[in-house]
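The values are calculated or read from the model by the stated rules, or taken from the named source; none is laboratory data. Please read these numbers as outputs of a predicted model, since none were measured by experiment. Every residue, glycine as well, gets a Cβ built from its backbone with ideal geometry; the counts of neighbours run over all protein chains shown. Just so you know, the surface numbers come from the protein's heavy atoms only, side chains and all, with ligands and any DNA or RNA stripped out. Shrake-Rupley method; radii C 1.70, N 1.55, O 1.52, S 1.80 Å.
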Amino acid sequence: MFPITRMRRLRSSRLRPLVRETELDVKDLICPVFVDETITEPVEINSMPGYSRLPLDMIADEAGCIADMGIPALILFGIPAKKDEMGTHAYGEDDVTQKAVRAIKKEAGNDIIVITDLCLCEYTTHGHCGVVNEAHEILNDPTLDILGKTAVSHARAGADIVAPSGMMDGMVKAIRNALDDNDFKDVPIMSYAAKYCSAFYGPFREAAGSGYAFGDRASYQMDIGNSNEAMREVALDIEEGADIIMVKPALPYLDIIYRVKKKFGVPTAAYHVSGEYAMIKAAAQNGWLDERRVVYESLLSIKRAGADMILTYFAKDVAKEIASK
Ligand code: PBG
């Protein structure tokens, strides 16, 4: 006790780095990329200043640029030219995500890990993550087959990891079976396992053109008040064959990240989502927050809570900053 113990002894700027418990590394980052089949120039996303959707022919260069910064992985979100009720353009050989993956693999080869977001909401006219009936119910089981097919089409194009985000029950198992049946036994699944029904996804829906025509996502995404339920979701996904599990959003759910990592000890990803990005950008643009420091602190906190990897729209900014240190 004081005066023998003086916590301030190790807080001098010289000694501080020696006793820091958590560090953020560029290797922890996964960079989201939006590829839009309908555009020929980058289109900035209004609610995500500094972030754009990219046309197909720019995607390989972007991947190369991300890889050159030392970021190990990107996650691709495809925005198709055509949507329909069943999301059939999610799984065609020549659909947007498949084309983008092939372009990246051709240019950047194994320089970067290509993760594909695997969901129907960008591909359906109603914008929901599953098949919908006339009563506007989102149907679980008929969706699984489509997700399986989509996973195989991504793997065939060369995806290194598939990341189902639709929160359908049994989706991980269905995708694992489909991949295995088609000789893609070594393609891992990163499952959005504890995905909350969050208002923080607002800007993403503009970015990915995946706003929904009716209802909400409450029948499939998790209740924001629940923590034990997240443990059950994660346990199920691991049992079904998930290799990496994800918690989403990140900063408002640090307790979930912590519990998941502690209980399961599996590779754990956290998604620092579009709304988390927008909040920081808006405050920074007003001169109310120091963007650089707030971003670093946010991501470091997510890692300190237990995340092994972080999906974040700040990936490139942080990579630059780490490199300049
Ligand atoms: C699609 C999906 C969403 C996000 C990632 N995949 C949106 C949603 O569930 O409505 C959100 C990502 C973000 O907000 O950055 N299922």
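Is the stretch 272-286 home to any residue that is touching a helix residue (DSSP H, G or I) at 6+ places or on another chain (Cβ under 9 Å), touching a residue at least 12 places away in the same chain (Cβ under 8 Å), not in a helix (DSSP H, G or I) and not small (Gly, Ala, Ser)? Scanning the stretch 272-286 turns up at least one residue that is touching a helix residue (DSSP H, G or I) at 6+ places or on another chain (Cβ under 9 Å), touching a residue at least 12 places away in the same chain (Cβ under 8 Å), not in a helix (DSSP H, G or I) and not small (Gly, Ala, Ser).
When the helices (runs of 4 or more DSSP H) confined to the stretch 105-221 are screened for residues that are more than 12 Å from the ligand (Cβ to nearest atom), closer than 26 Å to residue 72 by Cα and open to solvent by less than 10 Å² (accessible area, probe 1.4 Å), those reaching at least 2 such residues are found at 141-157, 171-181.
Here residue 224 meets the list (1) part of a loop (DSSP other than H, G, I, E, B); (2) buried (at least 17 other Cβ atoms within 10 Å of the Cβ) almost entirely, failing just condition (2). Among the residues of the stretch 5-30, those that are in contact (Cβ under 8 Å) with a residue 12 or more places away in the chain and either in contact with a strand residue (DSSP E or B) (Cβ under 8 Å, 6 or more places away or on another chain) or among the basic types (Lys, Arg) (or both) comprise 27, 28, 29, 30.
Residue 37 meets the conditions (1) open to solvent by less than 50 Å² (accessible area, probe 1.4 Å); (2) touching a strand residue (DSSP E or B) at 6+ places or on another chain (Cβ under 8 Å); (3) touching a residue at least 24 places away in the same chain (Cβ under 8 Å) in every case but one. The failed one is (1). For the stretch 46-85, which residues satisfy the criterion of being basic (Lys, Arg) and surrounded by 17 or more Cβ atoms within 10 Å (Cβ to Cβ)? Residues satisfying the conditions are 53, 83. Filtering the stretch 231-254 to residues that are within 17 Å of residue 267 (Cβ to Cβ) and surrounded by fewer than 22 Cβ atoms within 10 Å (Cβ to Cβ) leaves 231, 235, 236, 238, 239, 240, 241, 243, 244.
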